[in-house]
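Worksheet for the structure shown next.
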Amino acid sequence: MAPTPHDELLMARVKRGDRAALETLVRRHGTPLLSFLARMAAARSDAEDLFQDTWVTVWARRSTFDTTRRFRPWLYRIAVSRCADWRRRARPAPADAGAWMGSGEPAADTRLLRDERLAAAEAAIRQLPPAQREVVTLRLHASLAYAEIADTLGVTESAVRSNMSVALRTLRASLAPWAEHHPTKKEAADVRAPSRE
């Protein structure tokens, strides 16, 4: 089996008009990109629109890509820009904005607890200022390193770390009251564990 070309080599082909190379990039980065956009948008339809818009922009701006640089930060820079444009058009989030993001089908009680935690976390993330929400989402859902986030957002790595630190403090404070009423699996197991006396 032939080795898969690196993203930057694929982008060099895309720059020459190779749509098959673009399709390979979409398959490779589509799921994490859509996950990122889902956490930035209010509804699945908005995330899907942003996803399409991002890839259309990649194609339209292919000639501007510097093949000596990494593709992923460039892709997410475009996605962040599309999200900023979307926010300027500002549509209010529906009450069940995070509900469609669930996955799998665990037992009903486990699913309910997971859904409650997901909804609380998603709501807390949505309340963050845009710069903090972008950093958190790029780190947690797009799995970008701090240096890649800095490159993506056009800021310093220390600004990324600062935004992440403030965001995490805010999230801990926002979720603390909820967490007091919902123990983690380990805490619940510790409570149910038989005594060894």
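The values are calculated or read from the model by the stated rules, or taken from the named source; none is laboratory data. A quick note: this is a predicted structure, and the numbers were derived from the prediction, not measured. Quick reminder, even Gly has a Cβ in these numbers, built from the backbone with ideal geometry, and neighbours come from all protein chains shown.
Some points to look at:
- Subset of the range 132-159 [surrounded by 15 or more Cβ atoms within 10 Å (Cβ to Cβ), among the small types (Gly, Ala, Ser) and within 15 Å of residue 39 (Cβ to Cβ)]: 142
- The range 137-169, residues that are at pLDDT 90 or above and among the β-branched types (Val, Ile, Thr): 149, 155, 156, 160, 166
Conditions (1) of a type outside the set (S, T, N, Q); (2) over 16 Å from residue 142 (Cα atoms), marked per residue:
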site	(1), (2)
18	yes, yes
24	no, yes
29	yes, no
34	yes, no
40	yes, no
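- Any hit, the range 95-118, residues being of a type in the set (Gly, Ala, Ser), surrounded by 14 or more Cβ atoms within 10 Å (Cβ to Cβ) and at pLDDT 65 or above: no
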